[in-house]
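The values are calculated or read from the model by the stated rules, or taken from the named source; none is laboratory data. Being a predicted model, the structure only gives us computed values, none of them experimental. Cβ placement follows ideal geometry from the backbone for every residue including glycine, while neighbour counts extend to all protein chains displayed.
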Amino acid sequence: MLLGLMFIGAQTHAETRAAMSDYVWEVLPENARETEFSELCDDVEEESGSDPYQRLYLDCLQKAAENHDNRLSRQWGLSETLAREKDTIYIKVPNRRLPLTFREKYSVWSEDSNTYLTLEDYHPKNQTVTIEKNLWESVNTIMVNLKSGIEQEFTGTQLTFSPNRDYAATVDMDVGEQDVILWQLQADGLYHPEDTAEDVQARFWQHMTYYNGEDFDGMAARVTLEWVTDASLIADYYFKMNPEDTAAYRVRFNYVKPKDSDEWQLIPIR
């Protein structure tokens with residue numbers, strides 16, 4: 001009943017703009033890894049655009065990522081299982097003689113084909129490691145199960161799982177896109193994308209327009225996902241007024257899957 005009232009309220013005010021009292025502001029945490037990498041390679045990046053510059057810059061990024069990933073591996077107690085050497089991450093799993101390998105791709109001629117890998121997280125309880133894969137205009141997430149050896153690349157980032165792990169969610173922050181993707185666990189141990197109701201996109205942009213205005217075409221500075229139950233996910237989008245701001249206003253959505261439906265539905269929340 002409460003969710004229904006929230007949606008009705010959002011529909012009623014669809015054609016108006018949010019008042020100042022409607023905005024919820026929060027201070028965003030600093031991306032420590034991004035700061036570290038940029039500081040280490042800033043001087044190289046500012047050099048001339050010659051081919052040696054490209055190689056030096058890539059060497060700098062590889063060294064920074066190698067130090068970052070191997071430090072995390074030691075912190076997680078996985079030094080014997082997980083290691084990085086230059087552009088390649090190696091992960092040992094029990095059902096394979098050779099380790100799984102994940103290698104970055106570089107081209108001095110086509111920058112849009114480059115891929116960059118960095119370790120992201122480790123979940124001791126579920127024995128999974130996640131790797132962030134940066135592409136030209138988007139970010140994907142690779143998950144490796146250290147017990148089963150199953151690996152899967154998810155479109156998007158912010159990979160999070162429902163309490164019983166039957167569902168997962170990511171955010172696809174491709175250029176012009178900022179969609180939440182919902183996934184369901186299959187019998188083979190992999191997750192497949194779930195269907196959403198036909199009006200999800202319309203509700204999404206209607207709510208965004210309420211806070212951002214008709215002409216706004218910027219991207220969220222940050223998106224967070226939090227599972228409430230196995231059939232309810234909160235997605236918070238944060239927008240800055242200026243790029244250098246540390247605070248941002250929040251636009252909140254609730255993705256829910258009714259028991260009698262195969263599709264996820266979207267409820268805008270004020």
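Results, tabulated for the structure shown:
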read-out	value
Tally, over the stretch 239-267, of residues that are modelled with pLDDT under 95 and either under 14 Å from PHE204 (Cα atoms) or under 17 Å from the mean Cα position of the chain (by Cα) (or both)	1
Yes/no for ASP166 being among the charged types (D, E, K, R), surrounded by 13 or more Cβ atoms within 10 Å (Cβ to Cβ) and either within 29 Å of PRO94 (Cβ to Cβ) or not assigned by TED's automatic domain parsing to the domain that holds GLU263 (or both)	yes
Odd one out for THR130, checked against (1) without any contact (Cβ under 8 Å) to a residue 60 or more places away in the chain; (2) more than 12 Å from the chain's Cα centre (by Cα); (3) more than 23 Å from PHE253 (Cα to Cα)	(2)
Among residues of the stretch 228-245, those that are in contact (Cβ under 8 Å) with a residue 60 or more places away in the chain, part of a strand (DSSP E or B) and surrounded by 13 or more Cβ atoms within 10 Å (Cβ to Cβ), counted	3
Residue within the stretch 89-112 that is among the aliphatic types (A, V, I, L, M) and within 19 Å of the chain's Cα centre (by Cα) present	no
Residue in the stretch 136-152 that is closer than 23 Å to LEU182 by Cα and free of Cβ contacts under 8 Å to residues at least 24 places away in the same chain present	yes
